[in-house]
Amino acid sequence: MHAGTTVELLCRLETEPAPDGGRAVVVVEVSDHHPARAVRARQASSADETRGHGLQLVGAVAESWGITYRRDLKTVWFRLLAGPHDRVYGPPARFSQDDPDLQRDLRAAELLAPAPVRRSPARRSDADWINHGALSFLAEASDLLSGQLDEEQVALLAAQLVVPRLADWCAVWLYDGGSRDSSGAPPRLARVWHSSEGRIDALRMALEKDPPVLPVPGPQRDGAGAAVPWPWPQEPSGYGPGGAALACRLLAGGRDQGALLIGRAGLMRFPDEVVGLIEDLTRRVARAVATARAYRNQERISQVLQRRLLPRGPATVPGLESSVVYEPREGAWAGGDFWDLFDAGDGRWCFALGDVCGSGPEAAAVTGLARPVLRLLARDGYGVGEVLDRLNKTMAREATDSVAAVAAAVAAAGPGPDAAVELRAEAEQTRFLSLLYGEIVPHADGTAGARCTLASAGHPLPLVLGTGGGVRVAAAPQMLLGVVEDTSYESESFDLAPGETLLCVTDGVTERRCGHRLFDDDDGLAGHLTACTGLGATAVAEHIRRAVHAFAATPPDDDLALLVLQATERR
């Protein structure tokens, strides 16, 4: 607000529930009393003044916003979506000026949105500011940048850190291929920021026409992109009056990540102190961009592997309705749980639900071994018990060979025998697999229902829900796969009558924890399954999934997988 009048601020919470069941809304209104009054300039505009960020910030964070004009009142309003309201908060804490968390938040806010300060006509001394505030500035910049795993957010933070404290405008270019070497394409303009909001669009248009082309860097240390003077472009609408500009290459990991360009009006050249500070900040930005890209690549690999490790969808079984829920735990590299439902030929359909003991790439490797072997053995005509016998031998032999080879390689590389022993122990744990495996054969005479044969190898036992609401266990517990090579597995058979439901889950369901309680304590899973009497397979799966999530306030800390098979009344 620059109307020169008293400003009224009104905040209110809309307590009525949203019509779509969504989140609550906070409404903020800011009003002044002279909407048509000409704004009187207090003094010559200073490059230090921070103006014009307000509506841009509102547009970025608000659900909706607008301006209302009345005869003697102008109001800017915006609506913010409130956070989840199922959490109960206690009395607000009493903060003191010495509280470290409060001080850290205030320093971060000062860096990203410094308050306008009335100054004398004489501009402050860059040397004085750098001597007193440079270390704090760089420390806080490192703290803010290190927590970002999105390169777009890194570019935004970099621009906001520079403007208006060190420059009037800033632009960040990034190579889409991850670096200049791997892309071959020109960099894209990722972020533009100007101390005057009205010039941002014009600045972006001008910069897109004239991207910085810096010389290819020679051998130098990570991020050591020296700042070089850059010609002040002849675009007054975007850049403002003449001034000085600097271009810095973003170098990290020996790769060219992009470039940072800054400008400040009214200067012939940037002071040496500012140049040094910009170079220090550029190194931090470059490392943050490289880290964010490494995280993005790792996430992409995880997603690709996850898609390859799981079937594209369950097969359609005549006379049966099926439903699958699969949710890797939050932040998982690639889930240790897996499922399958496929046509094995000769009128047989096989299903599997497994859980590798371990996590990360080691668990994914076991999943990548188990699922293809299961399909191959099933399609070769082996029965349920024989499939588990052969898979158990395969896993035990494969694990023994790989553990010995990897442990020897680690010991030869130099970390020492302790590292090899630790890796051997971890790999031996990862080779274990709990698995529920079975086959479904629809009745040959065309009647509804099917014959089901299954076995559980160290897995949570399957449950069958009858049409009358009764729940029974459908298998006996047996040894984990991969523990003892010569273990023999037994299968059990039963008829799945029309309307009956077979529920298979992993321990992410049964061992979901809330304090000292588990979801399956006191037959909790069976109780929830009983409540599903009369529901279809999809509704049963969704009911169990919601019950697991609602059991505790925190997100699940393990993969969650369940498979539901229900015999229909007709074939």
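Laboratory data are not the source of any read-out in this text; all were calculated from the coordinates shown. Predicted model, so just to flag it, every value in this text is computed and none were measured. Note that each Cβ is placed from the backbone with ideal geometry, even for glycine, and that neighbours are counted across all protein chains shown.
Skipping prolines and chain starts, which residues have an amide H placed within reach, meaning under 5 Å, of the one on Arg191, given they are 5 or more residues away or on another chain?
Amide H neighbours of Arg191: Val172.
5 Å is the cut-off here: which amide hydrogens, built 1.01 Å from N in the peptide plane, fall below it relative to Thr487, excluding neighbours closer than 5 in sequence?
HN-HN under 5 Å from Thr487: empty list.
By how many nm would the segment from Val213 to Leu461 lengthen if fully extended, with 0.36 nm per residue of separation less the alpha-carbon distance?
Computed gain between Val213 and Leu461 is 82.9 nm.
Taking the simple approach of a point 7 Å from Cα along Cα-to-Cβ for both Asp272 and Ala552, what is their distance in nm?
Taking the two extended label points, one gets 5.9 nm.
I'd like the Karplus ³J(HN,Hα) series for the range 538-545: coefficients 6.51, -1.76, 1.60, θ = phi - 60°, whole numbers in Hz, and an x wherever there's a Gly or Pro.
So the Karplus estimates, Gly and Pro as x, are 5, 5, 4, 4, 5, 4, 5, 4 Hz.
Report the extension gain between Glu398 and Arg513 in nm, rounded to one decimal, defined as 0.36 nm multiplied by the number of residues separating them, less their alpha carbon distance.
Working it through step by step, the gained length comes to 38.1 nm.
Just to be sure I understand the model, the point goes 7 Å from the Cα along the line to the Cβ. What's the resulting Thr75 to Ala24 distance in nm?
2.1
Taking a ≥ b ≥ c as the square roots of the eigenvalues of the Cα gyration tensor of the range 480-571, is the shape rounded (a/c under 1.5), prolate (a/b larger than b/c) or oblate?
It comes out oblate by the Cα gyration axes.
Between Ser142 and Thr6, what FRET efficiency follows from the Cβ-Cβ distance if R0 is 45 Å, with the result rounded to 0.05?
The value I calculate is 0.65.
How far apart, in nanometres, would the label points at Glu492 and Asp346 be if each is projected 7 angstrom from Cα along the Cα-to-Cβ direction?
Each label point lies 7 Å from its Cα, and together they span 2.5 nm.
Could you give the length gained on full extension between Ile301 and Ala476, defined as 0.36 nm per residue of separation minus the Cα-Cα distance, in nm?
Value of the extension gain: 59.2 nm.
Quick one: 3J(HN,Hα) in Hz for the range 459-468, Karplus 6.51/-1.76/1.60 with θ = phi - 60°, rounded, Gly and Pro as x.
10, x, 6, x, 10, 10, 9, x, 5, x
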